[in-house]
Amino acid sequence: MTAQTHQGFERDQTIGDALAEMVRTFAAEGIESAPRDARLLLQGLLGIDGTALLTRPQQPLGDKASLIGDAVRRRLAHEPVTRILGVREFYGREFIVTPDVLDPRPDTETVVELALEIVRANGLTSEPLQIADIGTGSGILIATLLLELPNARGVATDVSMVALAVAEQNAKRLGLADRTSFVATHSLDGCAGPFDLIVSNPPYIPEGDIPGLEPEVRNYDPQLALDGGADGLDVYREIAKVVRNPLRPMRLVLEVGAGQASDVTDIFRAAGWRPLGRQKDLGGHDRAVAMEIHP
């Protein structure tokens with residue numbers, strides 16, 4: 001059964017039958033995560049949890065049948081499950097994602113983990129920190145850090161107005177509207193500061209590598225959020241120029257592509273920053289790097 005021949009689901013079809021059909025359909029198209037994708041789509045579209053999915057297999061799909069059929073066709077076209085559902089779980093919380101923002105990956109949690117580790121190591125957990133998030137996208141980094149650091153305030157920047165709107169929507173849903181400012185700008189241009197902590201997950205894919213990315217990324221993430229220039233390091237060079245003479249100690253935590261940690265560290269070292277540490281992702285790659293700079 002392919003995207004072209006799939007005819008959809010019926011109102012009287014049971015959850016159990018639908019789950020089995022979705023797994024078979026996805027697996028036949030070579031989708032390795034077929035069982036997981038089928039479960040997540042059914043749970044999200046039916047508004048049930050995993051337990052209900054397993055304990056109510058005879059429940060009919062009812063008026064959700066057409067939605068499920070549409071979702072299956074979209075997944076067969078390699079649209080990610082998170083984009084079909086419009087939400088992504090990150091650091092234990094749910095965030096809205098739209099076609100205007102990068103779909104956050106679990107690897108990005110390394111930025112949060114490393115940033116919090118540095119904050120704790122410096123005894124700053126309860127301090128009124130000023131945090132900046134460059135290229136905020138959906139706002140997952142700034143929102144997560146503000147939720148973990150209740151005395152902090154944040155500034156989120158992005159060159160995309162539509163991305164900023166998504167980030168602001170997420171901040172409002174999480175009760176952070178009064179602690180976060182959203183600025184349409186390049187890097188931190190026009191943002192007064194000073195900042196105690198800067199975080200960013202910038203575009204770091206070399207331009208020539210983008211056509212070879214998996215379709216879930218290549219066809220559905222915004223090009224602006226992927227393209228890091230010829231070598232993938234253009235935005236790091238721009239960020240390294242943000243602070244030259246800080247008024248107080250400043251820490252910086254960045255997500256990097258696999259194999260880029262040393263090159264990114266060298267870029268910032270040349271601009272006066274001192275390496276602080278790295279955080280590996282589940283694949284064993286250095287995925288987040290931290291630097292600091294002092295007055």
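The values are calculated or read from the model by the stated rules, or taken from the named source; none is laboratory data. If you're wondering where the values come from, they're calculated on a predicted model, not measured in any experiment. When we count neighbours, we look across all protein chains shown, and the Cβ atoms used for this are built from the backbone with ideal geometry, even at glycine.
Could you count how many residues in region 174-187 are surrounded by 15 or more Cβ atoms within 10 Å (Cβ to Cβ) and assigned to a helix (DSSP H, G or I)?
1
Here are the criteria: (1) part of a loop (DSSP other than H, G, I, E, B); (2) surrounded by 13 or more Cβ atoms within 10 Å (Cβ to Cβ). Tell me which single one GLU21 does not satisfy.
Going through the list (1) part of a loop (DSSP other than H, G, I, E, B); (2) surrounded by 13 or more Cβ atoms within 10 Å (Cβ to Cβ), GLU21 breaks only (1).
Please go through (1) in contact (Cβ under 8 Å) with a residue 24 or more places away in the chain; (2) within 24 Å of ASP227 (Cα to Cα); (3) among the β-branched types (Val, Ile, Thr) for THR180 and return the number of the only condition it doesn't satisfy.
Here THR180 clears every test but (2).
State whether one or more residues within region 134-147 are of a type in the set (A, V, I, L, M, F, W, C) and more than 29 Å from SER262 (Cα to Cα).
yes
What's the number of the only condition in (1) crowded, with 19+ Cβ neighbours inside 10 Å; (2) in contact with a strand residue (DSSP E or B) (Cβ under 9 Å, 6 or more places away or on another chain) that GLY190 fails to meet?
(1)
Go through region 191-295 and tell me which helices (runs of 4 or more DSSP H), entirely inside it, have 3 or more residues that are out of contact with any Ser or Thr (no Cβ under 9 Å at 6 or more places or on another chain) and farther than 17 Å from LEU102 by Cβ.
261-270
Which condition does GLY193 not pass, out of (1) closer than 21 Å to ILE239 by Cα; (2) free of Cβ contacts under 8 Å to residues at least 12 places away in the same chain; (3) of a type in the set (Gly, Ala, Ser), if it passes all the others?
Just one mismatch for GLY193, condition (2).
When only residues in region 71-91 that are without any contact (Cβ under 8 Å) to a residue 40 or more places away in the chain and not in a strand (DSSP E or B) count, which is surrounded by the fewest Cβ atoms within 10 Å (Cβ to Cβ)?
Residue satisfying both the conditions and the ranking: GLY86.
Determine whether region 135-142 contains at least one residue that is surrounded by fewer than 23 Cβ atoms within 10 Å (Cβ to Cβ) and farther than 20 Å from VAL243 by Cβ.
No - not one qualifying residue is present in region 135-142.
Would you confirm whether or not region 213-228 contains a residue that is free of Cβ contacts under 8 Å to residues at least 24 places away in the same chain, of a type outside the set (A, V, I, L, M) and either over 17 Å from THR136 (Cα atoms) or crowded, with 19+ Cβ neighbours inside 10 Å (or both)?
Looking for residues that are free of Cβ contacts under 8 Å to residues at least 24 places away in the same chain, of a type outside the set (A, V, I, L, M) and either over 17 Å from THR136 (Cα atoms) or crowded, with 19+ Cβ neighbours inside 10 Å (or both), one finds at least one in region 213-228, hence yes.
Taking the criterion of being assigned to a loop (DSSP other than H, G, I, E, B), assigned by TED's automatic domain parsing to the domain that holds LEU19 and β-branched (Val, Ile, Thr), would at least one residue in region 55-69 satisfy it?
No, that holds for no residue.
Out of (1) in contact with a helix residue (DSSP H, G or I) (Cβ under 6 Å, 6 or more places away or on another chain); (2) surrounded by 22 or more Cβ atoms within 10 Å (Cβ to Cβ); (3) in contact (Cβ under 8 Å) with a residue 60 or more places away in the chain, the odd one out for GLY154 is which?
All conditions are met except number (3).
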